[in-house]
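Visitor: Mind looking over this structure? Questions follow.
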Amino acid sequence: MRKVVCFAASILTVMICPLCACATDDGLVAWWKFDRPKGEFAVDSIGRMDDAIKGNFKYMPGASGNALRFDGYTTRIIRPAGNVPRLVEAFTIEAWIAPQTYSWNWTAIVDQAGDVVGQDAPPADLQLKPGLFGVKFNEPDFANPSGTDLLKGVEHDWTGGYSDWSGRWRGYIEAPFTGEVTFTAEVDNGLKLEINKQLVIDGWGRDKARTGKMSMEKGRKYPIVLSYYQDGDPSYLRLYWTWAGQPKTIVDESALSHSPQDEDYVKTRELGREAAPPERQQRLFLGIDSEGHLGMKVTVNGQLKECTSRLAVPLLKWSHVVGTFGKDSGINLYVNGKHAGSMAVSGVVTPPAGYDLLIGQSHKKMSPVNTERRPSKRLLSNMIFDGLIDEVKIHNRALSAEQIGKAYAAVRPKQEQPLTWRVMPSGPKDLPARFGASYCRLRYSQEWEDLWRVGPDPDILVLFDDSPIRLVFWRGTAYGAVWVTENGRWMGDQSLEATGNSTGWGCSEHMSDKQCRYSHVRIIENHDARVVVHWRYALSDIVYGISRVDKDGWGEWADEYYYIYPDAVSTRKQILHANILRHEWQETIALHQPGTRPEDNLDLEALTWGNMDGESKTYTWNAVNRDDGKLRDATIQLVNLKAENKPFIIFQPDSGLKLMRCCVEEQWSHFPWWNHWPVAQLPNDGRRTGVPDRPSHSSLAQSIEDSPIIKHDKQEKTYTAVSLYGMSEKYVSELVPLARSWNYPAELTLISGDFACEGYDKYQRAYVLSCKTKDKPSTLKFKLVASGASPLVNPALVIKDWGDAGAKLKIDGKQVGRGKSFRFGHNYTLEGSDLVVWIKKESTEPITVSISPVAR
């Protein structure tokens, strides 16, 4: 394949249409205006055809009249192969486009595939097995696979057993005759027969072809792909062949075979995901790449020629894009009426006919560009346009530069920029200033929301009455907790991640669970004193396999508990259910909104570590003057987001903090920069980016992985760790008292009352006591022996079996009224009711506290 880089800007377009007596003087043979919505069909006003629109879509104001909104996930327009004209010597494709994002590989504006590539005649020594090998699917559109299937012959009646399903089988067919062989199919809904990379029968639908011919050589084995679908009863398949002097008979079972390579292809490329059709060579293609560059690809005299512009089509704005081909003039690209690039080539388009014409989706499934790991590279996905497409025209000749300039000038969009950046949601801007958690649906773009099969309350939002920050548990992050600053900057963290997992499909972590099949959250407590959120997830890979599934069928799972208090500080208790410990526990991750780069959200001096002696060190991501020397006994971490409130983590001593310095592409950013998470839906566990078109993230540091703080319970087969998270306006040195109060809590000494002290629970950030006379509490009096080494910072208490009574508080004999400085609530359990108290109080001196019951 020859590739030439052209000059210029961006592009879009669309191709090919039926031969039509209505063609105008400029050779216009197809025109999708999108001005007259007609259900699930796009109207071609020249060819007078209605082409199916598949997936989710909507109409919006266009460059002229209406435009079609493509969602980037499912939307495409299909012109059946039989209705696509033979554009061989010359053609022009033009369109208006406004991309919302760039897809992760070449995305078609218009695409028509030609010959099938891959699968050749088998080597003579290859061991073949009887029958064709493939996959059966539980849906008519090759979705929801039920498993592999061996098709021994091609005469079947599945009526009564299968009704709504599809299948695709591959292998070889041995030719019965030298010369022309005619194949005939009998099916109810649809069948496609491909032999030796040629589409012999294109019978995809009740009214489609059921016969086709092919020249063959007797005894030669040709690669074959048989695709079938059925929508409702009856369900049957009969495939016949005939040749000179031979009556029509069912294709002989002995002529069908498959190889071990066919089985491997089916298992690795088709099973477990929507089946990829056989890869076909691009015949005619106009589209944009992963960075927005316009490209045209044309197979000329059997060779694929590719031209790409240097400049990119801008995001969010309307652009007029045109690609022309002429047998003598070659390929020319135009953007907004100006020449954008050219490639000298002479010849005609081959093959003379092709497969279905697609608008907005590429025929070829591809791995995302800049994918890091081999498993993600093995998974191929459809690339679908995300944004607006309007005024798609196809001409059966190459328009001149003057004609293209006039076509551009003839349309003046009322709105130059019809799209805006999407925004990761953290709830409405103006909400009541109160502390608490709420179930809700945090809505991202409508195109993304349309994919989710959830109810009105799948997410959780936590608000604070003394701080404008928010804590978000959202589907877009697979429910990993994210702290959101007052100016909308996001800070998240990694889930537990299996290293060296057994699935073979990359990272097993929450990032890989794109559809939240295993990940979910629930509110356990929600009252004035604290919120407790439980996050449960499986360590899933990108094809939803769970790491290290054992003989009992269970793999690795995790439970995380967030004990969140009104001062915007939360513990994070992580519990791993696993048989071995080989995991990453924590990874500090800044998330970036669409339209922003890492440098827009992070200072170059992005991370500060501190210890409990008040020492600190700030680390830069400027490669010129970096100093990565470690700070002694670092236990406090502050991320320097460009916001007043900055996220922090307080670790236990010996948590093993380390910087993440990998994966930086200096031409894009000083920071590592990925966009396979959050929000993204394609299966991928590592994709670097340099384009800020969609949500992305940067990782800064890790901890805990090799730390002795991880507690192992052999009987329960669990491993447990805990850290303290929060967000505030404080510097690292100002967080030392909080770090000491949690790591070295002041001693609680009982003075009076019928209670027992169970000590300080670091997992809850609370002192735990129990009432000896259940539901009949007396006045509880105790001393908190605070000091400089063990200061007091906003203590919390959990008093078990307190009952339904309220509470009143005195500190050093002075009454403290219920309000922002004294909060309490009840946690109702199966056994009774516990009182949870939170006190806004800091001290390095001992204090005496009394809590008395109050009738409610």
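Visitor: Quick one: pull the percent of accessible area on region 566-712 belonging to carbon and sulfur, 1.4 Å probe, ligands and nucleic acids left out.
Guide: Carbon plus sulfur share of accessible area: 45 percent.
Visitor: Filter the cross-link list LYS208/LYS393; LYS192/LYS377; LYS317/LYS414; LYS573/LYS772 down to pairs whose alpha-carbon distance in this structure exceeds 18 Å.
Guide: Numbers: LYS208/LYS393 26 Å; LYS192/LYS377 28 Å; LYS317/LYS414 12 Å; LYS573/LYS772 28 Å.
Pairs exceeding 18 Å: LYS208/LYS393; LYS192/LYS377; LYS573/LYS772.
Visitor: Dipole magnitude of region 753-822 about its Cα centre, charges +1 at Lys/Arg Cβ and -1 at Asp/Glu Cβ only, in debye to the nearest 20? Walk me through the numbers on the way to the answer.
Guide: Working: 13 positive and 7 negative charges, 49 e Å.
Charge dipole, region 753-822, about its Cα centre: 240 debye, nearest 20.
Visitor: For SER495, what residues show an amide H to amide H distance below 5 Å, using hydrogens built from the backbone and excluding near sequence neighbours?
Guide: HIS510, MET511
Visitor: Please give the charge dipole size of the chain, origin at the Cα centre, charges +1 on K and R Cβ atoms and -1 on D and E Cβ atoms. Round to the nearest 20 debye. Before the final figure, lay out each step's value.
Guide: Working: 103 positive and 106 negative charges, 155 e Å.
Rounded to the nearest 20 debye, it is 740 debye.
Visitor: With a 1.4 Å probe and all protein chains kept in place, how much accessible area does ILE575 have, in Å² rounded to the nearest 10?
Guide: Roll a 1.4 Å probe over it and ILE575 shows about 30 Å².
Visitor: Holding the Cα-Cα limit at 31 Å, pick out from LYS642/LYS841; LYS514/LYS717; LYS58/LYS642 the pairs that are longer than that.
Guide: Details: LYS642/LYS841 29 Å; LYS514/LYS717 27 Å; LYS58/LYS642 37 Å.
Too far apart for the 31 Å limit: LYS58/LYS642.
Visitor: Starting from the alpha-carbon convex hull of region 764-834, give the projected area averaged over all orientations, in nm².
Guide: Numbers: hull surface 22.2 nm².
That works out to 5.6 nm².
Visitor: Picking from TYR744, ASN138, VAL732, whose Cα lies most toward the positive end of the charge dipole for the chain (charges on Cβ: Lys, Arg +1; Asp, Glu -1)?
Guide: The residue sitting most towards the positive pole is VAL732.
Visitor: What do you get for trypsin sites (Lys or Arg not before Pro) in region 722-763 restricted to DSSP loop and a cutoff of at most 11 other Cβ within 10 Å of the site's Cβ?
Guide: Details: sites: LYS730, ARG740, LYS762; in loops: LYS730, LYS762.
Hits after loop and neighbour filter: nothing returned.
Visitor: Looking at region 721-796 from every direction and averaging, what is the projected area of its Cα convex hull in nm²? Can you show the working numbers first?
Guide: Details: hull surface 24.7 nm².
Mean projected area of the Cα convex hull: 6.2 nm².
Visitor: Please list, ordered by chain and number, the residues whose modelled amide H lies under 5 Å from the amide H of HIS583; skip anything fewer than 5 residues away on the same chain.
Guide: Excluding prolines and chain starts, which carry no amide H, the hits are THR499.
Visitor: Please list LYS658, LYS338 in order of solvent-accessible area, largest first, computed with a 1.4 Å probe with all protein chains present. Provide the component values of the computation, followed by the final result.
Guide: Details: LYS658 70, LYS338 150 Å².
So, going from the largest accessible area down, we get LYS338, LYS658.
Visitor: Let me ask another. For region 629-641, in order, what is each residue's ³J(HN,Hα) by Karplus, 6.51 cos²θ - 1.76 cosθ + 1.60 with θ = phi - 60°, in whole Hz (x at glycine and Pro)?
Guide: Values per residue, Gly and Pro as x: x, 6, 8, 4, 6, 5, 9, 10, 10, 10, 9, 8, 5 Hz.
Visitor: In sequence order, what are the phi-derived ³J(HN,Hα) couplings for region 317-322 according to the Karplus relation 6.51 cos²θ - 1.76 cosθ + 1.60 with θ = phi - 60°, rounded to whole Hz, with x for glycine and proline?
Guide: 9, 6, 9, 9, 10, 9
Visitor: While we're on this one: Projecting each Cα onto the charge dipole of region 513-651 (Lys/Arg +1, Asp/Glu -1 at the beta carbon, about the Cα centre), which of HIS577, ASN601, GLN637 comes out farthest on the positive side?
Guide: The residue sitting most towards the positive pole is HIS577.
Visitor: Let me ask something additional. Given 37 °C and 0.692 mPa s, compute D for region 93-203 with the Stokes-Einstein relation, Rh being the Kirkwood radius over Cα pairs; round to the nearest whole µm²/s.
Guide: Working: Rh = 17.7 Å.
For the chosen part, D equals 186 µm²/s.
Visitor: At 20 °C and 1.002 mPa s, grab the translational diffusion coefficient of region 445-484 from Stokes-Einstein with a Kirkwood Rh over Cα pairs, rounded to a whole number in µm² per second.
Guide: So the translational diffusion coefficient is about 187 µm²/s.
Visitor: Still on this model: Of VAL43, PRO566, ASN487, whose Cα points farthest to the positive end of the dipole of the chain (charges on the beta-carbon: +1 Lys, Arg; -1 Asp, Glu; origin at the Cα centre)?
Guide: Positive-most Cα among the choices belongs to ASN487.
Visitor: Long-range amide H contacts for LEU316: which residues qualify at under 5 Å (H placed 1.01 Å from N, peptide plane, sequence gap of 5 or more or a different chain)?
Guide: GLN100
Visitor: Considering the zone a paramagnetic label at ASP35 would reach in this model (a point 7 Å from Cα along the Cα-to-Cβ line), which residues of region 51-73 have amide N under 12 Å from it?
Guide: 62-67
Visitor: Listed here are the pairs LYS774/LYS820; LYS776/LYS810; LYS213/LYS267; LYS129/LYS218; LYS248/LYS364; which of them are more than 24 Å apart at the Cα? Mind dumping the intermediate values first?
Guide: Working: LYS774/LYS820 28 Å; LYS776/LYS810 20 Å; LYS213/LYS267 31 Å; LYS129/LYS218 20 Å; LYS248/LYS364 36 Å.
Where the Cα-Cα span goes over 24 Å, the pairs concerned are LYS774/LYS820; LYS213/LYS267; LYS248/LYS364.
Visitor: Viscosity 1.567 mPa s, temperature 4 °C: Stokes-Einstein D of region 629-753 from its Kirkwood Cα radius, in µm² per second? Please report the intermediate quantities before stating the final value.
Guide: Values: Rh = 17.7 Å.
The diffusion coefficient I find is 73 µm²/s.
Visitor: What is the Cα radius of gyration of region 573-681 over 2.2 N^0.38 Å, N being its residue count? Walk me through the intermediate numbers first.
Guide: Values: Rg = 15.5 Å, N = 109, 2.2 N^0.38 = 13.1 Å.
Output field value: 1.18.
Visitor: Considering every pair of different Cα atoms, what Kirkwood radius, in Å, is found for region 316-458? Could you put the intermediate results ahead of the total?
Guide: Details: mean 1/r = 0.0494 Å⁻¹.
Here the Kirkwood hydrodynamic radius works out to 20.3 Å.
Visitor: Determine ³J(HN,Hα), in whole Hz, for all residues of region 719-728 in sequence, where each value follows from phi through the Karplus function 6.51 cos²θ - 1.76 cosθ + 1.60 and θ = phi - 60°; x replaces Gly and Pro.
Guide: Coupling constants for region 719-728: 10, 9, 9, 8, 9, 10, 10, x, 8, 7 Hz.
Visitor: Measure out, as a whole number of angstrom, how far apart the alpha-carbon centroids of region 754-830 and region 512-570 sit.
Guide: Rounded to whole Å, the Cα centres lie 28 Å apart.
Visitor: Just by accessible area at a 1.4 angstrom probe, what is the order of ARG453, ARG422, ARG856 from largest to smallest?
Guide: On the way: ARG453 235, ARG422 30, ARG856 185 Å².
I get ARG453, ARG856, ARG422, largest accessible area first.
The values are calculated or read from the model by the stated rules, or taken from the named source; none is laboratory data. None of these values were measured; they are calculated from a predicted model. Every residue, glycine as well, gets a Cβ built from its backbone with ideal geometry; the counts of neighbours run over all protein chains shown. Ligands, DNA and RNA are stripped out before the accessible areas are found, and what is left, the full protein with its side chains, is counted by its heavy atoms. Shrake-Rupley method; radii C 1.70, N 1.55, O 1.52, S 1.80 Å.
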